[in-house]
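Beneath this line is the structure, given in structure tokens, with notes to follow.
The values are calculated or read from the model by the stated rules, or taken from the named source; none is laboratory data. Note that this is a predicted model, so its numbers are computed, not measured. When we count neighbours, we look across all protein chains shown, and the Cβ atoms used for this are built from the backbone with ideal geometry, even at glycine. Quick note on the areas: whole protein, heavy atoms, side chains included, nothing else; ligands and nucleic acids left out. Shrake-Rupley method; radii C 1.70, N 1.55, O 1.52, S 1.80 Å.
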Amino acid sequence: MAGQASRNFMSRRLGLALIRAIVTLLIVATLNFILFRVIPGDPANMLLAGARSSVTAEQIEAQRQNWGLDRPLFPDQVVDYLWASLHGDLGYSFKFRGRQVADLIFERLPATIALVGLAQIIAILGGVMLGLYAGWRRGGAIDNIATVSSLALYSTPAFWLAMLLIVTFSTVSGWLPGYGAYSPSASIASVDRLLDYLKHLALPVAAVALGLIGQYVVVARAAMSEVVTEDYMVTARAKGLTHRQMLMHHACRNAMLPVVTLITLNLGYVVAGAITVEAVFAWPGIGGLTVEALNARDYPVLQGIFLLLGASIVAANLLADLAYGILDPRVR
Amino acid sequence: MTNSFPDKEPLLRVDGLSVDYGLKGDPLRAIDGVSFELRTGEAVALVGESGSGKTTTAMAIAGLLSPNARVSGGQVHYRGQRLPIDDDAAMRPHRWSETSVVFQGAMNALNPVHRITKQIAEPCILKLGMTRGEATARAIELLELVGIPADRGVAYPHELSGGMRQRVMIAMALACRPSIIVGDEPTTALDVITQAQILKLLRDLRSQLNLALILITHDLSVVAESCDRVMIMYSGRVVEDGTVAEIFAEPKHPYTKLLIASIPNPANGKKMIRPIPGDPPNLVNRPSGCAFHPRCPSTMSVCTTEVPRLGRFGHGRVACHLHPPLQENMVTVHA
Ligand SMILES: Nc1ncnc2c1ncn2[C@@H]1O[C@H](COP(=O)(O)OP(=O)(O)OP(=O)(O)O)[C@@H](O)[C@H]1O
Ligand code: SF4
Ligand SMILES: [Mg+2]
């Protein structure tokens, strides 16, 4: 039966995609490892850089042994690194002395997921629908407005949008806070605290969402304008369907194919955060942590963040693969 | 097979239909004063070179003119009722219930993301108000009617061959029991054997369901066995119209003669279609008089100035100054 065959094919596809994801992740992790070894400077020196007093050769040697840096890079160190990473052991931060990198990252993760996740939801709901509608009614007033403004938003750097938002809604009007996640004076009461948090979240979310909306409108519109020229849309019209039925039953599903792929791939960046936007708003997320780590040359933290970024992008690719397989019978 | 008694109002009557494309200031007249009738169960072939207005004629009848098209003259009557062919929304009830279309096989006319049963059942649900179950049962019945086993109903279009897809298209066209089926080059993209099978299927269904058929084709050889009548179009006008037997045995119009002479005939080693010399006419600046005069081997001076009227001739009609129409009062047989 056709159904059985396509199910078998589906599970084979799934298996292949999984293997591909795992191999990619191993390569990403290894490259990540190599990257931080080829950066000039002895890691042991850097480990001790925080110590103001003079460092002796013995101390360095002790550190090298302590961190396993005296052993051969390959295979010992690589294997160690991969094994440790697999267990969530990402090493210790230089800057935040003695703190586990994994702990630092997980501490910052919720703020980033709140920021980028919320922005994604808003952008998906608004941008995709607007883009699909604009493509459906190509040349209409809404299309013209949506196309011009989304191209403008799409091509504006996020930090610039962020600064414009701060100037307009924070500095000049004072409507919304433009710095940090909480007011210094915020009470501990949970409801007030949540409201305060949401207020602080508003502008960063707007900055990230506007850029994404621009992107989604452009892609959804392009996909829809292609779909409306397809022959099966002529068939749908010939069948006597109303415009609404043509849109809902035939156009949207097909136009969503490239859009869903883009959205799923974008989800990979939810954890990486919006580095520039977080920096402008001093938002305490992964993006902010990245900037802090960069300034302090905190390689273990950067290495951890890169690994997380790599892993989430690989996971998003896997998800995009699966989603496409579900939506488009041709690739099952 | 021909049902040519002028006993009652024809199923479809097209009177002086003209359709323009494009801007009001500089329109392209795709069809210019097309008139013909179609009777219940009758099969008419629409033949002519690319750009002669075959699709435009058929789409006008099916109420499927594109948004940039404008009906600049004439009217269409279906069962005695005037069709609002230039009103997209008003034509909706007519579509698929009265006239359905089988598009070219190469066209991606089926939606790639829906199973074929669903696509056949869709108009039954939306137009006939069937429940999903009833519609699915009807879809499977139709699939079997066109020779597709019921268990293939779960397939997606890409899982089927071109011939099978065209069978699905035909099953879909039958869903709402229409009286007219338009086939716009329905076999063009198919290999010769599949082409013959699809044409046979159309013939069988037509006699079984008493369907009228408008078959658009470049290929005159297809016409002989599938149709009762042939209508030759040139530059948006009907230039000749007659029974298949008449047209093949005794073509009147010089263009029809050249068309028939150009049919490839493997028996005498003529495998390639011999093109008719000269360029297809420019529709924006149609040649004056008879649009065929720049290419016609028998052009006379009147041809360059006066558009020949499509007059009755024998059992058919022809528009050529070589064949002036018979006196009206002498005409005893309808067109
Ligand atoms: N939607 C449209 N917009 C503008 N011009 C059109 C449109 N559809 C058809 N035309 C033009 O109208 C003329 C007649 O086209 P039509 O499609 O009716 O011809 P046809 O006989 O079906 O040709 P073919 O054999 O190539 O399918 C052509 O010159 C074509 O370019
Ligand atoms: S009207 Fe004149 S030009 Fe036209 S087909 Fe007849 S003879 Fe030729
Ligand atoms: Mg055509």
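For B:Gln75, which of the numbered conditions (1) open to solvent by 20 Å² or more (accessible area, probe 1.4 Å); (2) part of a loop (DSSP other than H, G, I, E, B) fails to hold? Condition not satisfied by B:Gln75: (2). Of all the numbered requirements in (1) at pLDDT below 85; (2) closer than 24 Å to B:Thr55 by Cβ; (3) within 13 Å of ligand 2 (Cβ to nearest atom), B:Leu258 misses one, and that requirement is (1). Of everything in the range B:78-112 that is outside any loop (DSSP other than H, G, I, E, B) and touching a Ser or Thr at 6+ places or on another chain (Cβ under 9 Å), the residue that is nearest to ligand 1 (Cβ to nearest atom) is B:Val101. If you take the residues in the range A:227-239 that are touching a residue at least 12 places away in the same chain (Cβ under 8 Å) and part of a helix (DSSP H, G or I), which one is nearest to the chain's Cα centre (by Cα)? So the residue we want is A:Val227.
The conditions of being assigned to a loop (DSSP other than H, G, I, E, B), away from every other protein chain (no Cβ under 14 Å), more than 16 Å from ligand 2 (Cβ to nearest atom) and small (Gly, Ala, Ser) are not met by B:Gly16.
Only one residue in B:Gly53, B:Gly41, B:Gly22, B:Gly33 is among the small types (Gly, Ala, Ser), within 15 Å of the chain's Cα centre (by Cα) and within 15 Å of ligand 1 (Cβ to nearest atom). Which one? Walk me through it before giving the result.
Details: B:Gly41 fails: within 15 Å of ligand 1 (Cβ to nearest atom); B:Gly22 fails: within 15 Å of the chain's Cα centre (by Cα); B:Gly33 fails: within 15 Å of the chain's Cα centre (by Cα).
Result of the check over B:Gly53, B:Gly41, B:Gly22, B:Gly33: B:Gly53.
Within the range B:93-106, track down each residue that is hydroxyl-bearing (Ser, Thr, Tyr) and either within 8 Å of chain A (Cβ to nearest Cβ) or more than 17 Å from the chain's Cα centre (by Cα) (or both). Of everything in the range B:93-106, those that are hydroxyl-bearing (Ser, Thr, Tyr) and either within 8 Å of chain A (Cβ to nearest Cβ) or more than 17 Å from the chain's Cα centre (by Cα) (or both) turn out to be B:Ser97, B:Ser100. Pairs linking a residue in the range B:294-312 that is touching a residue at least 12 places away in the same chain (Cβ under 8 Å) to a residue that is assigned to a loop (DSSP other than H, G, I, E, B) and among the hydroxyl-bearing types (Ser, Thr, Tyr), with Cβ atoms under 7 Å and 6 or more positions apart or on different chains, are B:Thr304/B:Ser288; B:Thr305/B:Ser288.
Can you find even one residue in the range A:197-213 that is part of a helix (DSSP H, G or I), open to solvent by 60 Å² or more (accessible area, probe 1.4 Å) and either of a type in the set (D, E, K, R) or touching a helix residue (DSSP H, G or I) at 6+ places or on another chain (Cβ under 8 Å) (or both)?
Residues of the range A:197-213 that are part of a helix (DSSP H, G or I), as a first pass: A:197-213.
Cutting the leftovers down to open to solvent by 60 Å² or more (accessible area, probe 1.4 Å) gives us A:198-199.
Narrowing further to those that are either of a type in the set (D, E, K, R) or touching a helix residue (DSSP H, G or I) at 6+ places or on another chain (Cβ under 8 Å) (or both): A:199.
Yes, that holds for at least one residue.
Looking at B:Ala137, B:Ala109, B:Ala90, B:Ala62, just one residue is within 16 Å of the chain's Cα centre (by Cα) and either open to solvent by 40 Å² or more (accessible area, probe 1.4 Å) or within 16 Å of ligand 3 (Cβ to nearest atom) (or both), and that residue is B:Ala62. Residue count for the range B:40-54 satisfying the condition of being buried (at least 20 other Cβ atoms within 10 Å of the Cβ), away from ligand 2 (no atom under 16 Å from the Cβ) and either under 24 Å from B:Arg203 (Cβ atoms) or polar (S, T, N, Q) (or both): 6. Among the residues of the range B:140-156, those that are open to solvent by less than 30 Å² (accessible area, probe 1.4 Å) and not in a helix (DSSP H, G or I) comprise B:Val146, B:Ile148, B:Ala155, B:Tyr156.
The residue that is nearest to A:Tyr324 (Cα to Cα), among those in the range A:241-256 that are buried (at least 20 other Cβ atoms within 10 Å of the Cβ) and facing chain B (nearest Cβ under 7 Å), is A:Asn254. Only one entry of B:Ile148, B:Ile170, B:Ile181 meets the criterion of being more than 16 Å from ligand 1 (Cβ to nearest atom), closer than 26 Å to B:Ser226 by Cβ and within 12 Å of chain A (Cβ to nearest Cβ), and that entry is B:Ile181.
Suppose we keep only residues that are among the polar types (S, T, N, Q) and more than 7 Å from chain B (Cβ to nearest Cβ) within the range A:224-240. Which one would you say is surrounded by the most Cβ atoms within 10 Å (Cβ to Cβ)? Break it down into steps so the answer makes sense when it comes.
As a first pass, look at the range A:224-240 and keep what is among the polar types (S, T, N, Q): A:225, A:229, A:235.
Filter again for more than 7 Å from chain B (Cβ to nearest Cβ), leaving A:225, A:229.
Numbers: A:Ser225: 17, A:Thr229: 9.
Only one residue tops the list, namely A:Ser225.
Within the option set A:Arg297, A:Arg330, being open to solvent by 20 Å² or more (accessible area, probe 1.4 Å), modelled with pLDDT under 90 and within 14 Å of chain B (Cβ to nearest Cβ) holds for one residue only, A:Arg330.
Every listed requirement among (1) modelled with pLDDT of 95 or more; (2) not in a strand (DSSP E or B) is met by B:Pro67 save one, (1).
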